[in-house]
1. Would you work out the relative contact order for region 69-210, in percent, from Cα pairs under 8 angstrom that are 6 or more residues apart?
2. Per DSSP H run of n ≥ 4, the term is -39500 (n - 2.57); total these for the chain, divide by its residue number, and report the mean residue ellipticity at 222 nm rounded to 500 deg cm²/dmol.
3. Within 10 Å, Cβ to Cβ, of Q117, how many net charges do the neighbouring residues add up to if Lys/Arg are +1 and Asp/Glu are -1?
4. In percent, how large is the relative contact order of region 1-113, given Cα pairs closer than 8 Å and 6 or more residues apart?
5. With N set to the number of residues, divide the alpha-carbon radius of gyration of region 2-439 by 2.2 N^0.38 Å and report two decimals.
Amino acid sequence: PAAARIGVERAAALRRLAIDTLDGNWEHDHTVPSRTLYPHQWSWDSAFIAVGLAHIRPDRAWRELRTLFAAQWADGRVPHIVFNPALPVGSYFPGPEFWDSARAPAAPAAATSGIVQPPIHAPAAWLAHRRAPSEASVRALGWLYPRLVAQQRYLTGRRDVGGSGLACLVHPWESGLDNSPAWDAPMAAVPADAAVMRAYRRHDTAHADAAQRPTDLDYARYVAIVAAYRAGGYGDAGLAGRHPFLVECPLLNAALGAAEHALARIAAVIGADPGPHRERAARITAALVDRLYDPITGTFHPRDLHTDRLIPARTVLGLMPLILPDLPARQVRAVLAEACSPRFGLAARMDRPLTTHDRTAPDFEPVRYWRGPSWLNTSWLLWRGLRAHRRPDLAAGLRESMLALVALNGCHEYFHPDTGAGLGSPAFSWTASLALDALA
Ligand code: 9WN
């Protein structure tokens with residue numbers, strides 16, 4: 001067990017730190033990712049956080065998810081940020097006044113953003129229930145089920161811009177890996193000028209080193225893409241002809257498929273029909289392999305819908321389809337080979353943590369956000385995939401590496417891929433939560 005490898009005392013201290021971090025970031029009915037950098041509620045953060053809360057405070061795990069889904073739009077989209085109305089203007093950029101969600105007919109009463117993040121909520125809800133099954137957890141699953149189904153329907157319906165059965169991203173923020181090198185090519189085609197940013201004040205660089213964050217030019221483009229989507233009232237009709245950023249992402253779509261598998265299991269518990277979820281899961285996996293797998297590189301790549309080409313960058317996004325339990329054996333083998341190559345360094349004994357980008361690539365940047373540093377959520381997703389595909393040797397190596405990273409350095413947002421030094425926010429919720437899950 002990992003506790004034996006990192007030492008019983010260190011494991012106990014890590015557990016204490018993780019619990020304190022989550023308690024410190026709890027805000028009445030949700031958890032903030034970070035008090036300084038991200039003081040509102042984020043969508044996929046809440047899913048990762050619920051997984052950890054299920055180990056220590058199950059009632060909060062369900063509250064977390066209920067608060068998020070209470071802000072679901074009428075069209076089924078789950079917004080990537082739910083704003084806390086009690087916070088002063090300027091607590092985060094771009095804030096509620098910039099998103100102006102009230103202009104969209106489908107928006108809820110709460111102020112939210114208008115874009116989504118990877119739909120890992122159904123897998124998270126399933127794990128939370130399995131960890132702490134109770135009458136309350138079954139009731140919570142019953143409440144969430146139709147909402148999770150509506151979320152899937154939005155993504156596979158209005159968001160199937162390519163008509164292939166996959167959902168597409170309309171913003172790099174939707175991937176959760178905002179400035180991944182995977183987005184460089186489609187972002188370069190977004191017309192924007194760094195001068196745009198003079199009209200705004202970035203909030204992130206007041207709390208984190210600018211060298212560890214996206215650039216001003218990235219932000220100018222982030223803002224331009226939101227402005228384009230907002231101008232159409234966050235509607236999805238006709239996006240193909242008018243929207244500057246349209247990409248099919250392996251992580252978002254792997255999450256979409258994993259969600260159908262989780263919904264099948266949830267359906268069985270609450271007395272609904274699991275059959276349609278299994279069928280949809282199979283269709284998503286087939287479309288993912290067909291559209292995003294490259295037999296030449298042997299990994300998954302995002303597809304840019306403007307060029308209809310795969311994006312060549314080899315990032316951690318390419319490994320994420322391993323979370324699909326029905327990924328065909330050929331792709332499982334290929335993804336494992338990619339993960340175990342010097343690009344990512346997965347091994348039964350790892351001397352360095354898993355990175356978010358290919359270590360051997362010339363544009364690998366060890367401290368800049370999603371362009372190289374190690375993050376606990378992508379490592380955790382791969383760890384779950386390794387267990388699903390019965391690789392206990394590699395799963396144990398990755399788990400040990402994740403736990404050592406956090407035990408030695410703290411609950412940071414991300415970590416230097418060579419030294420393990422903490423980067424970004426020093427008290428980051430999903431790092432705490434996923435460390436708790438890996439420790440258990
Ligand atoms: C933009 C909250 C979020 C995470 C994302 C991470 C970062 C926001 C930002 O923080 O994104 O959504 O301001 O940089 O990239 O994955 O959900 O933790």
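Please treat every number below as a calculation from the coordinates, not as lab data. Just so it is clear, the model here is predicted, and its values are computed rather than measured. Note that each Cβ is placed from the backbone with ideal geometry, even for glycine, and that neighbours are counted across all protein chains shown.
1. Details: 133 pairs, mean separation 37.1, N = 142.
Reported as a whole number, the value is 26 percent.
2. -14500 deg cm²/dmol
3. Working: positive: none; negative: D45, E174.
The answer is -2.
4. On the way: 130 pairs, mean separation 22.9, N = 113.
Value for region 1-113: 20 percent.
5. Working: Rg = 20.0 Å, N = 438, 2.2 N^0.38 = 22.2 Å.
Output field value: 0.90.
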